[in-house]
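S.K.: Got a structure for you, written out below as structure tokens; questions coming shortly.
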Amino acid sequence: MTNTWYMGDLSKLIAKNKIWAKQKKAIDPDFFVELAKGQSPQYLWIGCSDSRVAPATLSGLDQGDIFVTRNISNLMIHTDLNSLSVLQYAIEVLKVSDIIVCGHYGCGGINAAMGVTPFGLTDNWLRNIKDVFLQHKAELYEIQDPIERANRLVELNVYKQVYNTCYTNTVQAAWVNKKNLTVHGCVFELSTGLLKKLDCSVSSIEQIDSIYKIDI
Ligand SMILES: [Zn+2]
């Protein structure tokens, strides 16, 4: 009997993986031996799920260099156990020293949050971005060009998520315990391939508003 179910086709992906592994080994015969021993990344990347914004690829870094969590529009939400667990593990176990919240221009989540089209369950996630819009609506409505307005919201959302990351008890505990930890904000520009660092790095508890401080 012929199986009529479509089983998917990963042949291209598996073939490309074989080529990649072979090339890596040709450059460094011990690459995978070392990789299998463990990880000690310097960075935690909080990025967008967008397939065009792959952290290791765009940063030119390698396997083992970046610990990653990604979701729609690079949010750090205080009720999201996934992101919070990644954050805690990255800081307390892997001992990363730099956290990068990275947005990108042309973000589908940002565009969706600025519109009224329903996306089902995702609408609940996008609500967080609408809240950022509302917080800055005077500035955003001043911008006439819809693409420029969306680009500005991308940046404002990065600022918001940088601070959301800093407000967590995990990050505050790291600072109280004198750990060297900085939270950065960046935006990736798809049309140039360049990463822009925003002026919003936070590296001490003194930089956050007192209402969010926890007496650890
Ligand atoms: Zn995006």
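S.K.: From the list Glu139, Glu148, Glu206, which one is without any contact (Cβ under 8 Å) to a residue 24 or more places away in the chain, acidic (Asp, Glu) and in contact with a helix residue (DSSP H, G or I) (Cβ under 8 Å, 6 or more places away or on another chain)?
M.R.: Result: Glu139 is the single residue among Glu139, Glu148, Glu206 that is without any contact (Cβ under 8 Å) to a residue 24 or more places away in the chain, acidic (Asp, Glu) and in contact with a helix residue (DSSP H, G or I) (Cβ under 8 Å, 6 or more places away or on another chain).
S.K.: I'd like to verify a number: residues in segment 35-79 that are without any contact (Cβ under 8 Å) to a residue 24 or more places away in the chain and away from the ligand (no atom under 16 Å from the Cβ), how many?
M.R.: Total satisfying the criteria: 8.
S.K.: Return only the number of the condition from (1) over 22 Å from Pro55 (Cβ atoms); (2) assigned to a strand (DSSP E or B); (3) of a type in the set (A, V, I, L, M) that Leu134 does not satisfy.
M.R.: (2)
S.K.: Within segment 194-201, identify whether any single residue is assigned to a loop (DSSP other than H, G, I, E, B), modelled with pLDDT of 95 or more and acidic (Asp, Glu), and answer yes or no.
M.R.: yes
S.K.: Out of the residues in segment 95-116 meeting the condition of being more than 16 Å from the ligand (Cβ to nearest atom) and more than 17 Å from the chain's Cα centre (by Cα), tell me which one is nearest to Val162 (Cα to Cα).
M.R.: Lys95
S.K.: Any idea how many residues of segment 46-91 are surrounded by fewer than 15 Cβ atoms within 10 Å (Cβ to Cβ) and among the polar types (S, T, N, Q)?
M.R.: Number satisfying all stated conditions: 7.
S.K.: Of the numbered conditions (1) of a type outside the set (Ser, Thr, Tyr); (2) farther than 30 Å from Ala21 by Cβ; (3) away from the ligand (no atom under 15 Å from the Cβ); (4) in contact with a strand residue (DSSP E or B) (Cβ under 6 Å, 6 or more places away or on another chain), Glu148 fails exactly one; give the number of that condition.
M.R.: Status for Glu148: all satisfied but (4).
S.K.: Among (1) more than 16 Å from the ligand (Cβ to nearest atom); (2) under 30 Å from Asn169 (Cβ atoms); (3) without any contact (Cβ under 8 Å) to a residue 60 or more places away in the chain, where does Ile27 come up short?
M.R.: Against the list (1) more than 16 Å from the ligand (Cβ to nearest atom); (2) under 30 Å from Asn169 (Cβ atoms); (3) without any contact (Cβ under 8 Å) to a residue 60 or more places away in the chain, Ile27 comes up short only on (2).
S.K.: If you don't mind, another one. Applying the selection to segment 188-202, what residues are small (Gly, Ala, Ser) and surrounded by fewer than 13 Cβ atoms within 10 Å (Cβ to Cβ)?
M.R.: Ser191, Gly193
S.K.: Restricting the search to segment 92-121, which residues are assigned to a loop (DSSP other than H, G, I, E, B) and either surrounded by 14 or more Cβ atoms within 10 Å (Cβ to Cβ) or in contact with a Lys or Arg (Cβ under 8 Å, 6 or more places away or on another chain) (or both)?
M.R.: Within segment 92-121, Leu94, Lys95, Val96, Ser97, Tyr105, Gly106, Cys107, Phe119 qualify.
S.K.: Look at segment 64-80 and say how many of its residues are part of a loop (DSSP other than H, G, I, E, B) and of a type in the set (S, T, N, Q).
M.R.: The total comes to 3.
S.K.: Would you mind stating whether Ile66 is within 20 Å of Gly193 (Cα to Cα), in contact with a His (Cβ under 7 Å, 6 or more places away or on another chain) and modelled with pLDDT of 95 or more?
M.R.: Criteria not met by Ile66.
The values are calculated or read from the model by the stated rules, or taken from the named source; none is laboratory data. Keep in mind the model is a prediction, meaning the values are calculated, not measured. Positions of Cβ are backbone-derived with ideal geometry, glycine not excepted, and every protein chain shown enters the neighbour counts.
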